[in-house]
Amino acid sequence: MAMRMRNVANHVKSRMGLLSVTNHGASFSSSTHIGKFLAISPPVRDFKNPDANFSKIATCRFESTKADSGRLGSQYSSIDSNQVLDFPGGKVAFTPEMKFLSESLKERIPCYRVLDDNGQLIEDSNFVGVSSEIARKIYSDMVTLQTMDTIFYEAQRQGRISFYVTAIGEEAINIASAAALTIDDLVVPQYREPGVLLWRGFTLQEFADQCFSNRGDSCKGRQMPAHYGSKKHNYFTVASTIASQLPHAVGAAYSLKMDGKDACAVTYFGDGGSSEGDFHAALNFAAVMEAPVIFICRNNGWAISTPISDQFRSDGVVVRGQAYGVRSIRVDGNDALAMYSAVYAARQMAISEHRPILVEALTYRVGHHTTSDDSTKYRSVDEIERWRLARDPVTRFQKWIENNGWWSSEAESELRSSVRKQLLNAIQVAERVEKPPVANIFSDVYDIPPSNLFEQEKWLREAIKRHPQDYPSVFPL
Amino acid sequence: MTTIFRGLGALTASNSFDSKKLQLPSPRSFSERKASFLLVRSDGSVNLNLGSNSRARRAEQLITNAVATKADGSAASTASKPGHELLLFEALREGLEEEMDRDPTVCVMGEDVGHYGGSYKVTKGLATKYGDLRVLDTPIAENSFTGMGIGAAMTGLRPVVEGMNMGFLLLAFNQISNNCGMLHYTSGGQFKIPIVIRGPGGVGRQLGAEHSQRLESYFQSIPGIQMVACSTAYNAKGLMKAAIRSENPVILFEHVLLYNLKERIPDEEYICNLEEAEMVRPGEHVTILTYSRMRYHVMQAAKTLVNKGYDPEVIDIRSLKPFDLYTIGNSVKKTHRVLIVEECMRTGGIGASLTAAITENFHDYLDAPIVCLSSQDVPTPYAGTLEEWTVVQPAQIVTAVEQLCQ
């Protein structure tokens, strides 16, 4: 137990060590102090000792609730025992006054932000500092993501790809959260988080190949565009189903916990996804199982055409965390520095304390839901434009790094033109790459194809041979 | 490991089901791959000709009891190792325990599987032995703990997910269909899902309509999964082990009324092939295809039929997806008459698919249309007498065979 804590402490120190070294010419802004969250937490419960479990089965299973009731118990130590009731789940104080809990708190949960709308650091903010390299990478990846989305969207409109999903307006959530993780953390995405893959090294060509479903596609031509997946980047393949990935993340965290790895699972979902049954069960499971998983909700205001007011009546998603016993925070999702700090802290807590964390990132979905949607049909163009221009997370962070002397307008124009050129090139290359062969229809359904699939493939090939004019000629056999 | 049990698929690539060819080589070549496995039949006899074709195997007359309450064939059993006697649910547990000992990534999750030992005691004692984390009690959310199992499988574990009753897995349909069956495919083969989903299903004794579901008919269309149904203690243990070792997601269907079947099974380690059907009783006049509990109704009817002078061939198909068309085909070519006896409902059941598959592949060999006996298309009633008559009874099987063989 102590060994583990020491390792965590060292790990934390080594990360902080990097940040405290000033790197020739780079400097930190004035208020770079770290908040309270880095305090080492209570020891991890040892689930791998079955003998302990055997001798105290009941106590083992309810250890976590016991710990809680222990804290609760100390509250009641001074109170007459007549005023405390003992029910399954722990002690509760009773009251003769009939009082209903209000459906909402008096005030909404405040939102953690560190940079103001102009990219200025707010007074007395606490955040996790970043080096100039990380800050520059965060910024340039945000620009790359924004440019990629714009160009691929246009490509869809030109009919070059069939479908695309943009993350316009959510660049800070994508990149800054990815920056706060390590490559060992397992990412279980919804579909609006390609920035995490981008941060981890997925190339622009690989993005384009997947969208064009050509031979270079790691999904072998089987998934819709923007449904990326890469095992080597620890990024689970996107499935179109909403929120079904949340229990997957809990399962992945369970696996990491069994292996005792210094890593966590991270999963993303939207405000709409939080209504799915899987959301509730996943949070509940993660809390009960004490699984190291970070739930990041991109509350962007819209679920296709459903606004928040039609999605839930709670104060957003952050208040639900406590209902399941999950520590939560509300963050300004368009503030890259706040996102980075919150996810960084969440990760430390998740791994060292073996607990789930819920991060609600407030943002706005500037783009349409997908290329199959025209959001001007259900919301005003003014609203969209206001968020796109005045609240752009990319420009906000740009101002901050420019103020620190880490960026310049020359670097800006160079970056933008270079990225644009690379993307256009990637598209042109992807268009010319051969499509996947017919065999890809039948492989990987099982580890080894069964007889019925062999038959079906044979039948298809014969049909193609007999009537080649009825089948697309671009598809190699 | 999987290549052993995929012999069927690999070899039929070159042969295909060209029903003109009678002489098909045996696709099951156990002897070449794993000499350490003995194919020990449930009556205790040992099959030494593992690589030979099915004719040699059929030379042994296997007669099992209609309801196996005691080990049969005492003469044959003295010739082989004694084995040990246990009930079917204990056989499942034994298989599960052996795999958990062998491979630390195997874990169990489900409702009340931990200290309670599972609602049918299949996981009894495992939590004490392996700890709370490896035998995980989950809150009540089938879709979500199945999803959790999928996520764990994608990350390298081999979870065994238990549905307290198969019917509850209807809640997990989204995860099973959209994720479990698909993610290996849509990820381009990058992520595999070696999960086993198991649980009791079928019509029990007055459990009510919701707890008498036959989910194999709903799941059979899902691409990417395999389905097997166990029916004896021997194949329960063998299929459990094989399912855990398979790299594909496997759904193992157990039956509520078969958990207390007692049988003598071998002491040494063995595995049953996931894609293979089981020849229960060789015969000449008619092929009766069945699985799970109906196997026992069929064997009971078989006794009556033998007395009446018929010689039915009974095959427990075991593999519900994919069908073992090799064994079934050879049988059809011999008897030319097929009767399917299942517990599924008439519409869209396993029997319906099997009828289509046999007709497509072996139409020329049939002397009569395929007869399929299934439960009616009704929710299972609670009253004992009504419930008994929604399930196919031995008397109906006898009548059907008599009509078929006219």
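The values are calculated or read from the model by the stated rules, or taken from the named source; none is laboratory data. Note that the structure is a prediction, hence the values are computed from the model and not measured. Cβ coordinates were reconstructed from backbone atoms using ideal geometry, including for glycine residues, and neighbour counts include every protein chain displayed. Ligands, DNA and RNA are stripped out before the accessible areas are found, and what is left, the full protein with its side chains, is counted by its heavy atoms. Shrake-Rupley method; radii C 1.70, N 1.55, O 1.52, S 1.80 Å.
A few notes on this one:
- For segment B:100-159, a residue qualifies if it is of a type in the set (Asp, Glu) and more than 7 Å from chain A (Cβ to nearest Cβ), and the qualifying residues are B:ASP101, B:ASP103, B:GLU111, B:ASP112, B:ASP137, B:GLU142.
- Across segment B:84-106, the number of residues qualifying as of a type in the set (Val, Ile, Thr) and in a loop (DSSP other than H, G, I, E, B) comes to 1.
- Top-ranked residue in segment A:418-477 [being facing another protein chain (nearest Cβ under 10 Å) and of a type in the set (Val, Ile, Thr); ranked as farthest from B:ILE328 (Cα to Cα)]: A:ILE441
- A:ALA265 vs. criteria under 16 Å from the mean Cα position of the chain (by Cα) and at the interface with another protein chain (Cβ under 9 Å from one of its Cβ atoms): yes
- Close contacts from segment B:197-221, counting a first residue that is farther than 19 Å from B:GLY149 by Cβ and a second that is aromatic (Phe, Trp, Tyr), with Cβ to Cβ under 7 Å and a gap of 6+ residues or different chains, come to B:GLN206/B:TYR382; B:GLY208/B:TYR382; B:GLU216/B:PHE253.
- Residue within segment B:343-355 that is surrounded by fewer than 16 Cβ atoms within 10 Å (Cβ to Cβ), within 28 Å of B:ASN273 (Cα to Cα) and either in contact (Cβ under 8 Å) with a residue 12 or more places away in the chain or within 14 Å of chain A (Cβ to nearest Cβ) (or both) present: yes
- Single unsatisfied condition, A:LYS106 versus (1) surrounded by 15 or more Cβ atoms within 10 Å (Cβ to Cβ); (2) more than 22 Å from A:TYR364 (Cβ to Cβ): (1)
- Of all residues in segment B:110-135, those satisfying the criterion of being closer than 16 Å to B:GLY163 by Cβ and charged (D, E, K, R) are B:GLU111, B:ASP112, B:LYS121.
- Any hit, segment B:373-389, residues being polar (S, T, N, Q) and closer than 15 Å to B:PRO312 by Cα: no
- First in segment B:368-379 and in a loop (DSSP other than H, G, I, E, B), second anywhere and open to solvent by 80 Å² or more (accessible area, probe 1.4 Å) and of a type in the set (Gly, Ala, Ser), Cβ under 8 Å, 6 or more apart: none
- Residue selected from segment B:120-141 under the condition modelled with pLDDT of 90 or more and open to solvent by less than 20 Å² (accessible area, probe 1.4 Å), by the criterion nearest to A:VAL288 (Cα to Cα): B:LEU136
- Qualifying residue in segment A:374-397 (condition: at pLDDT 95 or above, touching a Lys or Arg at 6+ places or on another chain (Cβ under 8 Å) and either assigned to a helix (DSSP H, G or I) or at negative phi (or both)): no
Residue-wise test of (1) open to solvent by 10 Å² or more (accessible area, probe 1.4 Å); (2) in a helix (DSSP H, G or I).
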{"position": "B:VAL108", "(1), (2)": "no, no"}
{"position": "B:GLY149", "(1), (2)": "no, yes"}
{"position": "B:VAL160", "(1), (2)": "no, no"}
{"position": "B:MET164", "(1), (2)": "yes, no"}
{"position": "B:PHE168", "(1), (2)": "yes, yes"}
{"position": "B:GLN175", "(1), (2)": "no, yes"}
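- Checking each residue in segment B:260-277 for being more than 14 Å from every other protein chain (Cβ to nearest Cβ), touching an Asp or Glu at 6+ places or on another chain (Cβ under 9 Å) and not in a strand (DSSP E or B) picks out B:GLU269, B:CYS272.
- Just so you know, in segment A:281-291 the residues that are in a helix (DSSP H, G or I), under 17 Å from the mean Cα position of the chain (by Cα) and more than 7 Å from chain B (Cβ to nearest Cβ) include one that is surrounded by the most Cβ atoms within 10 Å (Cβ to Cβ), and it is A:ALA286.
- Scan of segment A:136-193 for residues that are polar (S, T, N, Q) and either touching a residue at least 40 places away in the same chain (Cβ under 8 Å) or not assigned by TED's automatic domain parsing to the domain that holds A:SER413 (or both), ordered by number: A:SER140, A:THR144, A:GLN146, A:THR147, A:GLN156, A:SER162, A:THR166, A:SER177, A:THR182, A:GLN190
- Residue list for segment B:215-231, restricted to those being open to solvent by 10 Å² or more (accessible area, probe 1.4 Å) and outside any helix (DSSP H, G or I): B:GLN220, B:SER221, B:PRO223
- Number of positions in segment A:238-280 that are farther than 18 Å from B:PHE173 by Cα, open to solvent by 10 Å² or more (accessible area, probe 1.4 Å), in contact with a helix residue (DSSP H, G or I) (Cβ under 8 Å, 6 or more places away or on another chain) and free of Cβ contacts under 8 Å to residues at least 40 places away in the same chain: 2
- Only one of B:GLY202, B:GLY238, B:GLY208 that is over 18 Å from B:VAL160 (Cβ atoms), crowded, with 24+ Cβ neighbours inside 10 Å and not polar (S, T, N, Q): B:GLY202
- Evaluation of A:VAL359 against the conditions (1) farther than 14 Å from A:ILE173 by Cβ; (2) β-branched (Val, Ile, Thr); (3) open to solvent by less than 10 Å² (accessible area, probe 1.4 Å) shows that the sole unmet condition is (1).
- Some residue of segment B:318-337 being in contact with a Gly (Cβ under 6 Å, 6 or more places away or on another chain), open to solvent by less than 50 Å² (accessible area, probe 1.4 Å) and either within 29 Å of A:PHE454 (Cβ to Cβ) or within 14 Å of chain A (Cβ to nearest Cβ) (or both): no
- Being small (Gly, Ala, Ser) and either farther than 17 Å from B:LEU169 by Cα or within 14 Å of chain A (Cβ to nearest Cβ) (or both) is a condition met by at least one residue of segment B:222-232.
- Residue in segment A:246-258 that is in a loop (DSSP other than H, G, I, E, B) and more than 7 Å from chain B (Cβ to nearest Cβ) present: no
- In the set A:LEU101, A:LEU105, only one residue is aliphatic (A, V, I, L, M), outside any helix (DSSP H, G or I) and out of contact with any helix residue (DSSP H, G or I) (no Cβ under 9 Å at 6 or more places or on another chain); that residue is A:LEU101.
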